[in-house]
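S.K.: My questions all concern the structure below.
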Amino acid sequence: DSSSSFTHQCRYDVFVSFRGDDTRNNFTSILIGVLYHHGINIFLDNEHLRGEEISYKLFEAIESSRISIIVFSKNYAFSTWCLKELVKILECKEKGQIVLPIFYKVDPSEVRNQEGKFGEALTKHETKFKNKMEVQKWRIALLKAGNLGGWHCKKEYAFYHYFFIKEVFEVISRVKLNYTKIFDVKYPVGIDSRVEDINLRLDIDSNDVRMVVIHGLPGIGKTTIAKAIYDLIAYRFEGSSFLENVKENSRTNDGKHQLRETLCSEILGGRTLKELGAIKRINVRMEMPQHKRILLILDDVDKLIQVTDLLGECNCFASGSRIIITTRDEKLLSTFREDCHLTYYDYRVMELDEHESRILFCQHAFKRSKPKEDYLELVDSFIHYAKGLPLALKIIGSDLYPRGDI
């Protein structure tokens, strides 16, 4: 119960959908070998395990992957499992998953229009299956996939495959580099519900520019929640940046410069302030790219000028961009809120309730979610003392473990 569902998202970098008989021993095996060699975490459907339980695991793996690669080969559509995977992949694409089609010795128009072997396969399925709606879903999925931008691999030479796969790998590695996970909490108790509440306010499918200010007591978990949200949604944006310890880093000119340098590099895809000719300007403000949908998180802000120095005018963000700010001061951005032209929400992080507090404390003190019977009264005292603050519960619980004289 103490684990959070967001920690199960994006467990894999890549899901590969392919027809084994066509490409397992040539193109796909080379592609997978290159990705594995470079540390890309892949879920691979080996086509040996099937059935209802396996179909569930396959769909779960697709949902848990940041990227899906579809290797369309001449006999791809003869496999009903491949077609089921394709439908699921396109459903996940609607939720923000990156889909990379590879047309291996087939023309995209054959996939799009169900011609050649693809036409034969769908005609065969219509004859075999009573459920015509299922086959129609496959036809629609092939039409959509055939219209996606991807790679058309026309030749069979290994030398040609090498450069082709190298290009695919470079795209995947850029995605992986941009979205390195930053959330690292051993016991994420109470995180899920708070992340869900904030995500409702973010509504990342809407096209307006939104700012959500997360505020609350010191030790309440504002940074932890912001990191969880970042890991959960960053891949949905064209650029993203998490600036930690803004208050601390803004105390010196070097710190301010480093914040801007980090923001510039991450949002503008590796370009630096030096490249933009702004290296010596202490008061330089970022000009946000108006063509790029971005996610920006400013963590631990305590002065309005820290926000304005980094963001400048908030009417320059591209549609669909999201800004999240964490602060202890609920009223910090009240004047900024009136001047900026965006949709604004604030969210107060509430203390953990008694049930959540008990689980978190016991995880740290006993490495289990329930207290030992001899310590029930003492645990209640600690929970009452901590008043639902996660940091207090963590520190006290960790200090008591593994002492025997608790």
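The values are calculated or read from the model by the stated rules, or taken from the named source; none is laboratory data. Just so it is clear, the model here is predicted, and its values are computed rather than measured. Cβ placement follows ideal geometry from the backbone for every residue including glycine, while neighbour counts extend to all protein chains displayed. Calculation scope for accessible area: heavy atoms of the full protein, side chains included, ligands and nucleic acids excluded. Shrake-Rupley method; radii C 1.70, N 1.55, O 1.52, S 1.80 Å.
S.K.: Mind giving me the FRET efficiency for residue 170 and residue 265? R0 is 22 Å, r the Cβ-Cβ distance, nearest 0.05 is fine. Write out the running numbers ahead of the final one.
M.R.: On the way: r = 18 Å, r/R0 = 0.84.
For R0 = 22 Å, the calculated efficiency reads 0.75.
S.K.: Divide by every residue of the chain the summed helix terms, -39500 (n - 2.57) for each DSSP H run of at least 4, and state the resulting mean residue ellipticity at 222 nm, rounded to the nearest 500 deg cm²/dmol. It would help to have the intermediate numbers written out before the result.
M.R.: On the way: 17 runs with 188 residues, N = 406.
Roughly -14000 deg cm²/dmol at 222 nm, from the helical runs in the chain.
S.K.: Also: Taking amide H atoms as placed 1.01 Å from N in the peptide plane, list the residues 5 or more away in sequence, or in a different chain, whose amide H sits under 5 Å from that of residue 372.
M.R.: Correct list: empty.
S.K.: So, one more: Under the Karplus relation 6.51 cos²θ - 1.76 cosθ + 1.60, θ = phi - 60°, what is the ordered set of whole-Hz ³J(HN,Hα) values for region 384-389, x standing for Gly and Pro?
M.R.: 5, 5, 6, 6, x, 7
S.K.: Using 7 Å Cα-to-Cβ label points, what is the residue 155/residue 253 separation (nm, one decimal)?
M.R.: Rounded to a tenth, the inter-label distance reads 5.6 nm.
S.K.: Straight distance only, please: which aspartates and glutamates reach the Cα of residue 74 with their own Cα at less than 19 Å, same-chain residues fewer than 8 apart left out?
M.R.: 21, 22, 45, 47, 85, 107, 110, 115, 120, 126, 156
S.K.: Give me the accessible area per residue for the chain, probe 1.4 Å, as a whole number in Å².
M.R.: Working: 20870 Å² over 406 residues.
On a per-residue basis, the chain sits at 51 Å².
S.K.: Obtain the radius of gyration and the Kirkwood radius of the chain from its C-alpha atoms and give Rg over Rh.
M.R.: Details: Rg = 25.2 Å, Rh = 24.2 Å.
My calculation of the ratio gives 1.04.
S.K.: Relative to the longest principal Cα axis of the chain, at what angle does helix 253-267 sit, 0 to 90 degrees, rounded to 10?
M.R.: 20
S.K.: Report the FRET efficiency, 1/(1 + (r/R0)^6), for residue 148 and residue 399, where r is their Cβ-Cβ distance and R0 is 45 Å, rounded to 0.05.
M.R.: 0.25
S.K.: Give the angle, between 0 and 90 degrees and rounded to the nearest 10, that separates the Cα long axis of helix 191-202 from the longest principal axis of the Cα atoms of the chain.
M.R.: Here the helix axis deviates by roughly 80 degrees.
S.K.: Considering only the other residues whose Cβ falls under 13 Å of the Cβ of residue 151, what net charge follows from Lys and Arg at +1 and Asp and Glu at -1? Before the final figure, lay out the partial values.
M.R.: Numbers: positive: 105, 154, 155, 166; negative: 107, 167, 170.
For residues surrounding residue 151, the net value is +1.
S.K.: Angle, helix 390-400 long axis vs. longest principal axis of the chain, Cα atoms, 0 to 90°, nearest 10?
M.R.: 80
S.K.: Between residue 353 and residue 331, what's the calculated FRET efficiency when r is the beta-carbon distance and R0 is 30 Å? Round to 0.05.
M.R.: Numbers: r = 26 Å, r/R0 = 0.87.
Plugging the Cβ-Cβ distance into 1/(1 + (r/R0)^6) gives 0.70.
S.K.: Taking K and R as +1 and D and E as -1, what net charge do the other residues with C-beta under 15 Å from the C-beta of residue 210 add up to? Working shown, then result.
M.R.: Working: positive: 201, 236, 293, 322, 337; negative: 197, 203, 205, 208, 346.
Residues near residue 210 contribute 0 overall.
S.K.: Of 105/137; 303/367; 186/372, which sit over 30 Å apart, Cα to Cα?
M.R.: On the way: 105/137 24 Å; 303/367 39 Å; 186/372 20 Å.
Beyond 30 Å: 303/367.
S.K.: Here's a follow-up. Which net charge results when you count Lys and Arg as +1 and Asp and Glu as -1 among the other residues whose beta-carbon is under 15 Å from that of residue 90? Before the final figure, lay out the partial values.
M.R.: Working: positive: 84, 88, 93, 95, 112, 137, 139, 144; negative: 63, 85, 91, 94, 134.
Within the 15 Å Cβ shell, the charges total +3.
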